[in-house]
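Everything on this sheet refers to the single structure shown next.
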Amino acid sequence: MRADSDSDAAPRRTPNSVRAAARLSVAELVERLRADPEFGPRCVHWRSVPSRPEQTAPFPACLRPELAELYARRGVTRLWSHQAEAVEHALAGRDVLVTTPTASGKTLCFVLPVLQRLLETDGKARALFLYPTKALSQDQSTNLNGLIGELARDWHSFTYDGDTPPSVRRTLREQGHVVLTNPWMLHAGILPNHAKWAELFRDLETVVIDEVHTLSGVFGSSVANVLRRLQRIAAHYGARPRFLLSSATIADAQNHARSLIGREVEVVQRDGSPSGGRTFAVYNPPMLDAVAGLRANALEEARRLALRIVGPAHQSIFFCNRRTSVEVLTRYLKESAHEMGLERDEIRGYRGGYLPNLRREIESDLRAGKVKVVVTTNALELGIDIGSLDVAVLVGYPGSQASFWQRAGRVGRRARESLVVQVARSDPIDQYLATHPDWLFSAPRERLGLDPNNLVILSEQAKCAAFELPFSTAELEQGPFAGAPHLGGILDYLAEESKLLHRRGERWYWMADAYPAEDVSLAGGGPDNVLILDVDTKKAIGEIDREGSLTTVHEGAIYQVEGETWIVERFDFENRRAYVKQVETDYFTEAEVDTEVRVLRLEREARRLRSGAPAPAALAAPAALAASATAEASRSADVARPSAEADDYSVWSGEVHVTTVATSYKKVRYYTRESVGIEKIHLPAEEIDTQAFVFALSLESAGALGLESGDRGSAWAGVGKLLRHVAPLFLRCQPQDLGLATQVRSPHFSRPAIFLYDRVQGGVGLADVLFESHRELFQAALDVVERCECERGCPGCVGPIAEAGLLGKGTARTILAHLAGGSGASERVVS
Amino acid sequence: MTRPSDDVRPASASGDAAKGELFAKLKRLRRDVDPPREPARPALPAWFARRLAREHESAQANPTRGDPRTDAARRGSGADSGAAALAAKTSGAPRDLEPCVNAFGTHAVRVRRLPDATRHGEWRLADLLSADMAELAWLALDDTLVSLAPSRALFLDIETTGLSGGAGTHVYMVGLARFDGGALEVWQGFARGPEEEPALLASTAERILASSFLVTFFGKSFDRHRLADKMRVHGIAPPFDARPHLDLYHPLRRLYGKAYPDGRLATLERELCGVARDADLPGSFAPAAWFDFLADRPHRLEAVFRHNFDDVQSLVVLCAHLARTRSGSTHDGAVLSGAIGARCAGLARLAARRRDWDDALRWLAAASGDLRLPDDLEELAVELRARLAKRAATQRRRTTRPLS
């Protein structure tokens, strides 16, 4: 309720035009924004997606009438077409992947077949639902129990997670017809104790996995193995469950599902749900300093934008990429509440780390329309039910197309007009999208890196699997682990070297007094992570992976969390502990790192010849490389040292050994960025063996492009940086997931080379995706440089002049133009 | 930045790398050459894991029979004599094993018969036969025990490859003792490899089904679940549901929990029944013995057999002792061993729990005669007074309300 004095004060504080905007409909807001003399021109792209009517289908004929009645009571008399399609596949016993957007009723696609089977088997058939977050599973449990309650059967669905009290776990194990859990509980709680879950496994008919696009990288590769273990245990009890999966829209969904569950699935992707008209705007903050390439801060711009598009007549959601930004923006908006015609309480923050009760409260207030503005992270990106909102502002590109659409999908569900504004930051990928908005709307192109057969992950998961049931030699040929490369060798290794298994005849048995799932993390690293401990409070304030520890928690480093600073007093490298003390500082630290990359083995190669040179005989060319007519590809195991004579450029994927040494660190003053001292770092080198995408320019081409002379080396480094930055366009990863090494004269290739390597020990498939997408990668990097408004390099393209050199931007552009210049004629070397 | 890389390995011609190469690669990638990681934590709540570990330590304690000679040796120079004897390892299969065949395969078994009159510590095995089951039921708060015959008890103790539970923990030895024709028959089933576990568990299930009830120490929390879990894995119906089970740990802890530094079997059998065991062995003893045996290394399985053999006998005499708790004397009329103050306080608590306030006060008075546990008694007395006051108040309300 608003105090009188406030309502009187508001008009005086705020220009009338803004006040008036607050009451407008979304369609009117859009018009106003377009016409706004300040903000209109900064919206560099507009796109309207017209509303789409629903496409419906009747309930499948084979469905039990009580289920149709159940939904009819909820006002659902017909299904949307994709729901009907998915349900029919599921009822026919097929594995299904539904890739329609958020809020297209995917849950029903799973629930109907599960209930149908429960009815048909009189409560015998069981189902397991896996959700990527705890909140989602609790949401669904309530929903399912409601439906089951109406069917008036003595069936139960339970959430089994870390919060489940031990006293009810037994009941749940024995009587849970539908068990909702998450990958971590399945991995460390359920599978190792499968005997306690024998009732579930014996009659396990359906496994539902929601939001499978979140299963990529180390986590996804680990979960794929957990699913192999699940199928193995189910088979032991005589069950072969069918899988029902859901995902955001991703490229190559079929392939992703196959990597994940080892089976072919039916992909259902034609969305039959209705949607209101949506308007998309891409907002690029004004350039403040063209030399430095500095744009106005995205968060600050989001705040200013809010005054024009937020109001009491509709609900808005702001997505930030970091938790701290959520807090800052929430505070900004609360302070401006009255200018937007809102009460402070109608604006809420929402992120991981809030207590569950608080989150439930905010969710229900959103559904009820009581909360008008919510500021959040990816915490609200997945399917938590908060009703449908009207305006979404994405502060910064969320890092993947899937996330972009998940976030955009939060608005415009009720067949109402809605608005999505993407606010660009200064970094290359945001700037790329500001100039290439079509990329967002085209078919998804980023692929998920997933490699269940990564040797480290596979061997760790094989330990867990062997604990659960002895491995037999027959399993190398058949069953969920069939065909996993080197599995027999891994099991022998675990027996002979690690002394964890014992081989007797045709079987490997777990033979150690330990519980391996406890020590095997799904997110990788696990026991190798460095714990950061506050020496005063003796509490852990954070954790960092092994690779990152060298540059962030070396002695003397300033460690920052949410704006607070700690100094590292001691780094116990052996025991993986960093001891820190809270301090007030006026500087932060930046570590200098030397990275050395050594090629171990090259696996795939593609090259382009300098025009005029004779083409060598084509080697076996994988289809993925067919993009360039002159590219030769080989997947040969013995690629000799490449001859550079006729080459223009070559790309490879292969195994590399990376040595990283942190050499020194700079103390840099906040704001002014002046250096106030340099100190040495004394830490052992960090070494990983991993997969890399390698790219080398022939000496002739390098010479022609002017890369040899002195200063240009930094331009080469700038090219590398750009490639790393734009990689997430084609690969679901963060730039920091990729390591970069640029060499102006590579000792291995004797010419300029760039290595982009997977920062995970053993690699999880990122290098192969880059190898296959390298032409698009070059083009995207070129586009960023060409469209960048800075004069000579900025953080938004090749990096500031201090790093890329005076000629850096120009040289980088020339090189990239040459590389991206695709077909025949343009392959002539231009200098 | 980059060192010359002349040592680039050419890719191997085929997909299957030599075993040595794969091993070297795995070692490198897994960083198995790194300093050893911290030991694995069991996936149990910390308190429960601690308790399990404590119990297991006791279960793994010295398997040497208590006899005056070793006692004397311990008092003298040879404090380590027991440990030294245990350090002796043997090679090959344990002796005196018979094969036992059932539908699930074969396992080994060693059977010994001990005449009823055999002493275990200060007690005779036969003392159990005259135990009053109603008394045990009262002490264990378990009325299902009342009508059973002590001679139909089955004493159970198992040895496993770990404490953590889960499918990867093997049950490799099951000690089962029962009275049979004037003797205690101690049946020790043994799996000579993990492949024999199903047969071992099938025999175990069969013997449990043939018994009338189980007696264990901490078995409701450990042994029973390890057995049931592994039985389910192998498709054997667990025989535990609806079978009475006296877990001595709980009543003994209620009675003597505060009297001794720990509630381990080794402590209780020594204090209550005069069973002497020597040097303690590390908790990893039982798993390591079997692992060594399977790997054809010299092993200490013989010590595990003896220890398990002693454990089931301790179950018999502790059970006999427990049944005499309220009488305060042995069958021969001697004063019952054990901390009398704690015992009386425990009995007072039990009586209070059954809302028998007069009995509770009586035991409290008896406990007051022993001044070794003033804190505990004070606490109990306060508690009882509070309960009595509450009861009085309730009665007052009941009697006054109709009048008002």
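The values are calculated or read from the model by the stated rules, or taken from the named source; none is laboratory data. Everything quoted here is computed from the prediction, not taken from an experiment. With ideal geometry, Cβ positions are generated from the backbone for all residues, glycine too; neighbour counts draw on all protein chains shown. Heads up: the accessible areas ignore ligands, DNA and RNA and are worked out on the full protein's heavy atoms, side chains in. Shrake-Rupley method; radii C 1.70, N 1.55, O 1.52, S 1.80 Å.
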Report yes if some residue within segment A:109-131 is assigned to a loop (DSSP other than H, G, I, E, B) and under 22 Å from A:Pro183 (Cα atoms); otherwise report no. yes
Is it the case that A:Ile688 is open to solvent by 50 Å² or more (accessible area, probe 1.4 Å) and among the β-branched types (Val, Ile, Thr)? no
Suppose we filter B:Asp127, B:Asp132 for residues that are surrounded by fewer than 16 Cβ atoms within 10 Å (Cβ to Cβ), in contact with a helix residue (DSSP H, G or I) (Cβ under 7 Å, 6 or more places away or on another chain) and not aliphatic (A, V, I, L, M); which single one remains? B:Asp132
Starting from residues that are open to solvent by 10 Å² or more (accessible area, probe 1.4 Å) and in a loop (DSSP other than H, G, I, E, B), keep the ones in segment A:397-408 and report whichever is modelled with the lowest pLDDT. A:Gly399
List every residue pair whose Cβ atoms lie under 9 Å apart, where the two residues are 6 or more positions apart in sequence or sit on different chains, the first residue falls within segment A:51-73 and is over 14 Å from A:Pro113 (Cβ atoms), and the second residue, located anywhere, is surrounded by fewer than 15 Cβ atoms within 10 Å (Cβ to Cβ) and polar (S, T, N, Q). A:Thr56/A:Thr77; A:Pro58/A:Thr77
Qualifying position, being of a type in the set (Phe, Trp, Tyr) and in contact with a Lys or Arg (Cβ under 7 Å, 6 or more places away or on another chain), among A:Phe730, A:Phe749, A:Phe755: A:Phe730
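Just name the residue that is farthest from the other protein chains (Cβ to nearest Cβ) out of those in segment B:211-223 that are touching a residue at least 40 places away in the same chain (Cβ under 8 Å) and either out of contact with any strand residue (DSSP E or B) (no Cβ under 6 Å at 6 or more places or on another chain) or surrounded by fewer than 21 Cβ atoms within 10 Å (Cβ to Cβ) (or both).
The extreme case among them is B:Ser212.
Every residue, every condition in (1) modelled with pLDDT of 85 or more; (2) within 24 Å of A:Asp737 (Cβ to Cβ), yes or no:
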site: A:Asp534; (1), (2): yes, no
site: A:Gly542; (1), (2): no, yes
site: A:Glu547; (1), (2): no, yes
site: A:Val553; (1), (2): yes, yes
site: A:Val561; (1), (2): no, yes
site: A:Thr565; (1), (2): no, no
site: A:Arg570; (1), (2): yes, no
Conditions (1) open to solvent by less than 20 Å² (accessible area, probe 1.4 Å); (2) within 14 Å of another protein chain (Cβ to nearest Cβ); (3) under 23 Å from the mean Cα position of the chain (by Cα): number failed by A:Trp439: (2)
So which of A:Val535, A:Val553 is more than 14 Å from chain B (Cβ to nearest Cβ), surrounded by fewer than 16 Cβ atoms within 10 Å (Cβ to Cβ) and on the phi < 0 side of the Ramachandran plot? A:Val535
In the list A:Ala257, A:Ala302, A:Ala281, A:Ala239, which residue meets the criterion of being aliphatic (A, V, I, L, M), at pLDDT 90 or above, part of a loop (DSSP other than H, G, I, E, B) and in contact with a helix residue (DSSP H, G or I) (Cβ under 8 Å, 6 or more places away or on another chain)? A:Ala239
Checked pairs for segment A:647-674, first farther than 30 Å from A:Ala606 by Cβ, second modelled with pLDDT of 90 or more and of a type in the set (Lys, Arg), C-beta under 9 Å and 6 or more apart or across chains, list as A:Thr663/A:Lys680; A:Ser664/A:Lys680; A:Tyr665/A:Lys680
Give me the strands (runs of 3 or more DSSP E) completely within segment B:161-263, filtered to those with at least 1 residues that are in contact with a Ser or Thr (Cβ under 6 Å, 6 or more places away or on another chain) and under 26 Å from A:Ala195 (Cα atoms), ordered by residue number. B:171-180, B:183-190, B:245-247
Where in segment A:725-807 are there helices (runs of 4 or more DSSP H), lying fully within it, with 2 or more residues that are under 28 Å from A:Ile544 (Cβ atoms) and modelled with pLDDT under 85? A:801-804
Scan segment B:162-214 residue by residue and report those that are polar (S, T, N, Q) and under 18 Å from the mean Cα position of the chain (by Cα). B:Ser164, B:Thr169, B:Gln188, B:Thr204
Quick check on my filter: what residues within segment A:172-201 are surrounded by fewer than 21 Cβ atoms within 10 Å (Cβ to Cβ), of a type in the set (A, V, I, L, M, F, W, C) and more than 14 Å from chain B (Cβ to nearest Cβ)? A:Leu172
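Answer yes or no: is there a residue in segment A:69-81 that is buried (at least 23 other Cβ atoms within 10 Å of the Cβ) and modelled with pLDDT of 90 or more.
yes
Considering only segment B:174-191, I want to know if a residue exists there that is under 29 Å from A:Leu186 (Cα atoms) and at pLDDT 95 or above.
At the first step, the residues of segment B:174-191 found to be under 29 Å from A:Leu186 (Cα atoms) are none.
No - not one qualifying residue is present in segment B:174-191.
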Residue pairs within 6 Å by beta carbon, gap of at least six or interchain, first lying in segment B:155-184 and within 14 Å of another protein chain (Cβ to nearest Cβ), second of a type in the set (Lys, Arg), listed first then second, are B:Thr160/B:Arg226; B:Val171/B:Arg226; B:Val171/B:Lys230
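Per-residue answers, yes or no, for (1) acidic (Asp, Glu); (2) touching a strand residue (DSSP E or B) at 6+ places or on another chain (Cβ under 7 Å); (3) over 24 Å from A:His236 (Cβ atoms); (4) at the interface with chain B (Cβ under 10 Å from one of its Cβ atoms):
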{"site": "A:Pro470", "(1), (2), (3), (4)": "no, yes, no, yes"}
{"site": "A:Glu475", "(1), (2), (3), (4)": "yes, no, no, no"}
{"site": "A:Phe481", "(1), (2), (3), (4)": "no, no, no, no"}
{"site": "A:Ala484", "(1), (2), (3), (4)": "no, no, no, no"}
{"site": "A:Glu496", "(1), (2), (3), (4)": "yes, no, yes, yes"}
{"site": "A:His502", "(1), (2), (3), (4)": "no, yes, no, yes"}
{"site": "A:Ala512", "(1), (2), (3), (4)": "no, no, no, yes"}
{"site": "A:Ile541", "(1), (2), (3), (4)": "no, yes, yes, no"}
Pair list, Cβ < 6 Å and 6+ apart or interchain, from segment A:429-453 residues that are assigned to a helix (DSSP H, G or I) to residues that are modelled with pLDDT under 85 and open to solvent by less than 20 Å² (accessible area, probe 1.4 Å): A:Gln431/A:Gly796
Would you check which residues across segment A:133-171 are surrounded by fewer than 19 Cβ atoms within 10 Å (Cβ to Cβ), out of contact with any helix residue (DSSP H, G or I) (no Cβ under 9 Å at 6 or more places or on another chain) and of a type in the set (A, V, I, L, M, F, W, C) and list them? A:Ala152, A:Val168
Among the residues of segment B:224-233, is any open to solvent by 40 Å² or more (accessible area, probe 1.4 Å) and under 13 Å from the mean Cα position of the chain (by Cα)? yes
Could you please find all residues in segment B:142-151 being open to solvent by less than 60 Å² (accessible area, probe 1.4 Å) and more than 24 Å from B:Asp116 (Cα to Cα)? B:Asp142
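Could you check segment A:283-304 and list, in sequence order, the residues that are more than 24 Å from A:Gly799 (Cβ to Cβ) and open to solvent by 10 Å² or more (accessible area, probe 1.4 Å)?
The answer is A:Arg303, A:Arg304.
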Checking B:Pro42 against (1) at pLDDT below 55; (2) touching a Ser or Thr at 6+ places or on another chain (Cβ under 7 Å); (3) loosely packed, with under 15 Cβ neighbours inside 10 Å, which test does it fail? (3)
